[in-house]
Amino acid sequence: TSGFYPGTLWYAYELTKDDDFRKWALEWTAGIEKEKHNANTHDLGVRFNCSFGNGLRLIPGDTATRRYKEILLTAAATADSRFSFIAGQYPSSWDAKPLPNSIPAVVDVMMNLELLLWASENGGDPKIKDRCITHSNTSYRDFMRDDGGTFHVVRYDKTTGKILNKGQLQGDTDSSTWTRGHAWMVYGFTVMYRYTKNPGYLQKA
């Protein structure tokens, strides 16, 4: 969540053009730059899109943001390095109930794809988009229930990629739908449509 507060400050600046919000946004954004090399989290997308991404969008020619693109591309490369070809997913960095020899994947990552997709079109590895497509398709196949509900976590065997189990980490029970995670699926598939223009993703959303 470290990207959320600077992101809120950037939105406040966008709405008001109040230079205090701009100054505070720059300060709080600068404070999380070191996270661009943190490969131990699946949440670099929300950390960096909300902060550096909004700063680059709102004052792209400003001296204060001239390094933002480079920072965003570094963070995206770090996030992309986590991709598991065995699971077809960007895995989770944590699991409350880990299984032996397992790769946990969480619905949260759908909210982090936007940084990766942006990077694939702005100087990063173009093949990142292919991995985002694989992740999204695997997520829809494995996280969605027939009734339209979603799981929060799916655990894959590290060796075979076979699904070990499905459930919730923050939802009520394994058979329930965690509402915030479900909203992230909707958002993630909408972003996938925006970057691929594949109407199937909009239908999924």
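The values are calculated or read from the model by the stated rules, or taken from the named source; none is laboratory data. Keep in mind that this is a model prediction, so the values were computed, not measured. Quick reminder, even Gly has a Cβ in these numbers, built from the backbone with ideal geometry, and neighbours come from all protein chains shown. What goes into the accessible areas is simple: the full protein's heavy atoms, side chains included, and nothing from ligands, DNA or RNA. Shrake-Rupley method; radii C 1.70, N 1.55, O 1.52, S 1.80 Å.
Quick notes on this structure:
- Förster radius 22 Å - calculated FRET efficiency between GLU14 and VAL186 (Cβ-Cβ, nearest 0.05): 0.40
- Of interest is the spacing of the C-alpha centroids, which for the stretch 153-198 and the stretch 80-136 amounts to 11 Å.
- Residues in the stretch 79-110 that a label on THR159 would reach, taking backbone N under 16 Å of a point 7 Å out along Cα→Cβ: 86-87, 99-103
- Of the accessible area of the stretch 86-165, computed with a 1.4 Å probe over protein heavy atoms only, carbon and sulfur atoms account for 53 percent.
- With 0.36 nm allotted per residue and the present C-alpha distance subtracted, the THR196-PHE4 stretch has 66.5 nm of extension available.
- Contour excess over end-to-end distance, with Cα ends at ILE86 and ASP125 and 0.36 nm allotted per residue: 12.0 nm
- Over the stretch 24-132, accessible surface divided per residue gives 43 Å², non-protein components excluded, 1.4 Å probe.
- Label-point separation in nm, ALA64 to GLN170, each point 7 Å along Cα→Cβ: 3.0 nm
- Where Cα atoms sit under 22 Å apart: lysine pairs in the chain separated by 8 or more or lying on different chains: 17
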